[in-house]
């Protein structure tokens, strides 16, 4: 591939990530505080083939009916975030998959973890630096980001 083609592909991936990730507003402990830089670094990982990302469209009842998990006891994040966590846990339990809350990643923690499949799940907003560090350094795992009820982003390492 020539340089122009590589840059074009990197820019396509940058735009894809910018349009599909919902970024956390909290970056105070990040070693890199440049979202454009981080989008580019993640895009380079994708273009180089080190990681793959797929956008999967789902309907908002993919993990069960939203009303099945509504709770007045907010544990973590917004009500949408808490309810989505409960819905996903319930869905995975029905499919005989055990989840672990707040599993430690190389950098930070994931919202949920499925040990049997080595899948880390992030719900709602995500810290871009945390995502980059984990994509760069982890192997043989998946990070699923669920920014909305309409789609998921499946990062395969």
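Some points to look at:
- Filter result (within 15 Å of the chain's Cα centre (by Cα) and surrounded by 14 or more Cβ atoms within 10 Å (Cβ to Cβ)) within the stretch 45-57: 46, 51, 53
- Among the residues of the stretch 13-41, those that are loosely packed, with under 13 Cβ neighbours inside 10 Å and assigned to a helix (DSSP H, G or I) comprise 15, 19, 36.
- Sub-7 Å Cβ pairs linking a first residue in the stretch 134-156 that is on the phi > 0 side of the Ramachandran plot and surrounded by fewer than 18 Cβ atoms within 10 Å (Cβ to Cβ) to a second residue that is in a loop (DSSP other than H, G, I, E, B) and at pLDDT 95 or above, at least 6 apart or interchain, are 140/118; 140/157, ordered by first then second residue.
- When 121, 88 are screened for being closer than 16 Å to residue 149 by Cβ and more than 12 Å from the chain's Cα centre (by Cα), only 88 passes.
- Complete set of residues in the stretch 103-115 that are touching a residue at least 12 places away in the same chain (Cβ under 8 Å) and outside any helix (DSSP H, G or I): 103, 105, 106, 107, 108, 110, 111, 112, 113, 114
- Single unsatisfied condition, residue 63 versus (1) modelled with pLDDT under 95; (2) surrounded by fewer than 17 Cβ atoms within 10 Å (Cβ to Cβ): (2)
Let's see how each residue does on (1) within 30 Å of residue 5 (Cβ to Cβ); (2) surrounded by 11 or more Cβ atoms within 10 Å (Cβ to Cβ); (3) at pLDDT below 95:
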position	(1), (2), (3)
43	yes, yes, no
67	no, no, yes
85	no, yes, yes
90	no, yes, yes
113	no, yes, no
121	no, yes, no
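- Evaluation of residue 8 against (1) surrounded by fewer than 15 Cβ atoms within 10 Å (Cβ to Cβ); (2) in contact (Cβ under 8 Å) with a residue 40 or more places away in the chain (one fails), failing number: (2)
The values are calculated or read from the model by the stated rules, or taken from the named source; none is laboratory data. Predicted model, so just to flag it, every value in this text is computed and none were measured. We place every Cβ from the backbone using ideal geometry, glycine too, and count neighbours over all the protein chains shown.
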